[in-house]
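Trainee: Following this message is one structure expressed as C-alpha cells.
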Amino acid sequence: QRDTPILAEQIKAKNMQNKDHWEKVYTTKAPDSVSWFQAHADMSMRLIRASGLGRDAALIDIGGGASTLVDDLLDDGYAHVTVLDLSAAALAESQHRLGARGAGVKWVEADITRATFEPHSIDLWHDRAVFHFLTTQEDREAYVKQVLRALKPGGHVIMATFGSNGPTQCSGLPVMRYAPDELHAEFGEAFTMLTHEEQMHHTPFGTDQQFIYCMCRKKTT
C-alpha cells in the first residue's frame, strides 16, 4: 500500500529533520568526542567471529558511518562489508580515515527504514546504537521488515541498544531502552535468540552507559 500524499510529505519532513540533526552532529563534532565513540568495537567483533561466518560473508553495519568497526572488519579479512548511515558527513569521515583501504567497502547514504535492499543478500546485520532511536512502533516495524527482507535464511543479527538502566536521551533525542527479551520481542518469532551480553560503555566524558548486545539467527523456515 502506497503512502497518501499527505503522509508521504510528513515522512519526508521527518526524514529530513533526522538527517539534518545527524549531519550537524558529524560536521560540528570530532568522531571521538561523541558519547557512543569506541576506539575499537571489541564486543561486536567478538560476536561477529562467534557467528562462525567465513571471511567472504556479506556484512552490513547500520549507522556505522564514522564507526571504526569497518576498520576492524577489514583488518580481520572480511571482504564484503557495507556501511549504511543517514549522514553523508559520517560516511565521509570513515572514507577519509581508511583512504585506499576503503575502496572495497560499499558505502550507502540512506534512512534505514526507507532504504532498498536486495532480498536475502546479507549474511550478518550489525547495529550498534541505531535501533534505540526508533521511538515509534511504525519505524520499528519498518526496520524489522528491512531485516527480514535483506537477511538470508539462517543469517545473523547483532543488535546493541541501551539497556533497561541506560540513558533516556542521547544526542539530544529520546531513545528506547531494552532488556534482552524485550529487544528480541521487537523482532519476533522469525528470529532465534542465540546469546545476549551486557556492556558498560565508558564515554569520552567519563560517564557510563549500559548497553545490551543480542545476537539472533533468522529461522530458515
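Trainee: With r as the distance between the Cβ atoms of T220 and E23 and R0 = 45 Å, compute the FRET efficiency 1/(1 + (r/R0)^6) and round to 0.05.
Mentor: 0.70
Trainee: Against the 2.2 N^0.38 Å scaling, with N counting residues, where does the chain land? I'd like the Cα-based Rg ratio to two decimal places.
Mentor: 0.97
Trainee: At what distance in angstrom do the alpha carbon centres of region 171-185 and region 73-139 lie from each other?
Mentor: 20 Å
Trainee: What accessible area per residue comes out for the chain, rounded to a whole number of Å², with a 1.4 Å probe?
Mentor: Computed with neighbouring chains in place, this is 50 Å² per residue.
Trainee: Set the Förster radius R0 to 25 Å, insert the Cβ-Cβ distance between M45 and E138 as r into 1/(1 + (r/R0)^6), and round the FRET efficiency to 0.05.
Mentor: Efficiency computed from Cβ-Cβ geometry: 0.15.
Trainee: Considering only the other residues whose Cβ falls under 15 Å of the Cβ of G52, what net charge follows from Lys and Arg at +1 and Asp and Glu at -1?
Mentor: +3
Trainee: Leaving ligands, DNA and RNA out of it, work out the accessible area of R149 with a 1.4 Å probe and give it in Å² to the nearest 10.
Mentor: 110 Å²
Trainee: Run down the aspartates and glutamates and flag those whose C-alpha is under 18 Å from the C-alpha of K145, throwing out any fewer than 8 positions away in its chain.
Mentor: D3, D61, D85, D111, E118, D123, D127, E182, E186, E189
Trainee: Continuing with this model, one more query. With the full set of protein chains in place, find how many percent of the accessible area of region 106-221 is carbon and sulfur; take the probe as 1.4 Å.
Mentor: So the carbon and sulfur contribution to the accessible surface is 48 percent.
Trainee: Turning to a different aspect of this structure: Give the long-range amide H neighbours of L194: residues separated by 5 or more places, or on another chain, with amide H under 5 Å away, using H modelled in the peptide plane at 1.01 Å from N.
Mentor: Counting only residues 5 or more places away or on other chains, the set is M215, C216, R217.
Trainee: Is there a pair in K19/K219; K19/K152; K29/K218 whose C-alpha atoms are over 31 Å apart, and which pairs would that be?
Mentor: Pairs exceeding 31 Å: K19/K219; K29/K218.
The values are calculated or read from the model by the stated rules, or taken from the named source; none is laboratory data. Remember, it's a predicted structure, so these values are computed and weren't measured experimentally. Heads up, the Cβs are rebuilt from the backbone with ideal geometry, glycines too, and the neighbour counts pull from every protein chain shown. The area values use the complete protein model at the heavy-atom level, side chains included, leaving out ligands, DNA and RNA. Shrake-Rupley method; radii C 1.70, N 1.55, O 1.52, S 1.80 Å.
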